[in-house]
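The values are calculated or read from the model by the stated rules, or taken from the named source; none is laboratory data. This structure is a prediction, so every number in the text was calculated from the model and none was measured. Neighbour counts are summed over all protein chains in view; Cβ atoms, including those assigned to glycine, are modelled from backbone coordinates with ideal geometry. The protein model used for the area step is the full one, side chains on, heavy atoms only, and it has no ligands, DNA or RNA in it. Shrake-Rupley method; radii C 1.70, N 1.55, O 1.52, S 1.80 Å.
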Amino acid sequence: MASLRDIKSRITSTKKTSQITKAMQMVSASKMARAETNAKAFVPYMEKIQEVVSSIALGSTDASHPMLVSRPVKKTGYLVITSDRGLAGAYNSNVIRLVHNQIKERHSSNDEFAIIAIGRIGRDFFQKRGFNVIEGITGIPDQPSFSDIKDIANKAVGMFSDGAYDELYLYYNHYVSAIQQDVTEKKVLPLTDLDTSAKMTSYEFEPSAEDILEVLLPQYAESLIYGALLDGKASEHAARMSAMKSATDNAKELINSLSLSYNRARQAAITQEITEIVGGAAALE
């Protein structure tokens with residue numbers, strides 16, 4: 001049985017740990033509120049640009065663009081969004097597991113795919129296992145702006161246009177609520193999944209529909225990546241908040257259990273001392 005000093009030391013260290021996890025929970029809750037606002041504020045822009053792109057691409061018979069056309073798939077690109085830090089529950093592992101399983105099912109060699117990793121956790125995981133990671137970006141702020149990922153988004157879209165890969169999939173955690181984040185797979189390129197049910201608007205093009213699409217489609221693809229990053233950041237903070245709350249609750253339960261053990265041990269020690277005193281007094285009589 002552990003000594004009173006050992007139990008007291010464990011209680012003290014657990015209390016200090018619970019204070020840290022509680023503080024981290026409060027910080028993550030604050031960051032989550034801001035990230036959720038940013039993600040929701042971006043939705044109207046996404047809906048409008050998707051409506052415009054769909055109207056131009058589907059409403060004009062003479063408009064065409066390589067990003068709208070499927071081609072034989074020789075190589076697939078995977079853009080994976082994870083975090084730079086752990087302590088976020090299953091946030092990173094769920095995304096990594098899905099990507100890992102999809103790659104194993106679809107490909108037999110590294111020459112058939114390429115990975116663009118946003119976040120240190122995902123980058124390190126795939127690099128250590130010998131996967132073809134062609135780009136890795138870390139240090140994304142907790143409240144990112146488009147300028148923070150403009151280069152990587154532009155490069156991801158540009159590599160498709162240059163033929164480095166023939167399709168691009170995006171993997172991230174979709175924010176549903178503070179307690180639910182769903183792992184999501186989205187096909188970014190080619191843009192063959194445009195919403196055909198959207199309200200079609202008639203546009204007059206100057207100089208032409210092709211010229212408009214030439215500018216608009218890369219921006220639309222980049223905005224899909226940025227929107228997923230905002231969604232992923234909100235999910236990350238929510239997952240970390242939940243993980244830290246669980247850690248704090250577990251620490252409290254452990255403290256209660258240790259306190260009970262401490263009181264029992266202390267009571268046993270006092271009883272032993274009283275017994276020894278009574279025995280000594282009886283021996284002197």
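Every residue in segment 1-43 that is among the polar types (S, T, N, Q) and closer than 21 Å to residue 89 by Cα, please.
Taking segment 1-43 as the starting set, the residues that turn out to be among the polar types (S, T, N, Q) are 3, 9, 12-14, 17-19, 21, 25, 28, 30, 37-38.
Within segment 1-43, 14, 17, 18, 19, 21, 25, 28, 30 meet the criteria.
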* **Which listed residue, of 76, 82, is polar (S, T, N, Q) and either open to solvent by 70 Å² or more (accessible area, probe 1.4 Å) or within 19 Å of residue 227 (Cα to Cα) (or both)** => 82
* To do: Could you tell me whether any residue of segment 170-179 is crowded, with 16+ Cβ neighbours inside 10 Å, assigned to a loop (DSSP other than H, G, I, E, B) and not acidic (Asp, Glu)?
  => yes
* **Selection within segment 221-275 - crowded, with 23+ Cβ neighbours inside 10 Å and within 30 Å of residue 8 (Cβ to Cβ)** => 244
* Structure fact -> All conditions in (1) without any contact (Cβ under 8 Å) to a residue 60 or more places away in the chain; (2) in contact with a Leu (Cβ under 8 Å, 6 or more places away or on another chain); (3) hydroxyl-bearing (Ser, Thr, Tyr) are true of residue 54 except (1)
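With respect to residue 231, determine if the residue is touching a residue at least 12 places away in the same chain (Cβ under 8 Å) and not hydrophobic (A, V, I, L, M, F, W, C). Don't jump to the end; show me each part of the working.
On the way: touching a residue at least 12 places away in the same chain (Cβ under 8 Å): yes; not hydrophobic (A, V, I, L, M, F, W, C): yes.
Judged against the criteria, residue 231 is a match.
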* Scan segment 136-154 for residues that are in a helix (DSSP H, G or I) and either open to solvent by less than 10 Å² (accessible area, probe 1.4 Å) or touching a residue at least 24 places away in the same chain (Cβ under 8 Å) (or both) and jot them down. => 146, 149, 150, 152, 153, 154
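Quick one: in segment 106-124, of everything that is assigned to a helix (DSSP H, G or I) and open to solvent by 50 Å² or more (accessible area, probe 1.4 Å), which residue is nearest to residue 88 (Cα to Cα)? Lay out the reasoning, then the answer.
Within segment 106-124, the subset assigned to a helix (DSSP H, G or I) is 106, 110-112, 120-124.
Subsequent filtering for residues that are open to solvent by 50 Å² or more (accessible area, probe 1.4 Å) retains 106, 110-112, 120, 123.
On the way: 106: 29, 110: 30, 111: 32, 112: 31, 120: 14, 123: 17 Å.
Among them, the one singled out is 120.
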* Asked: Does segment 126-135 contain any residue that is at pLDDT 90 or above, assigned to a helix (DSSP H, G or I) and not hydrophobic (A, V, I, L, M, F, W, C)?
  -> yes
* Select from segment 159-179 the residues that are of a type outside the set (A, V, I, L, M, F, W, C) and either within 13 Å of residue 81 (Cβ to Cβ) or touching a residue at least 24 places away in the same chain (Cβ under 8 Å) (or both) and list them in ascending order. => 161, 165, 166, 167, 169, 171, 172, 173, 174, 175, 177
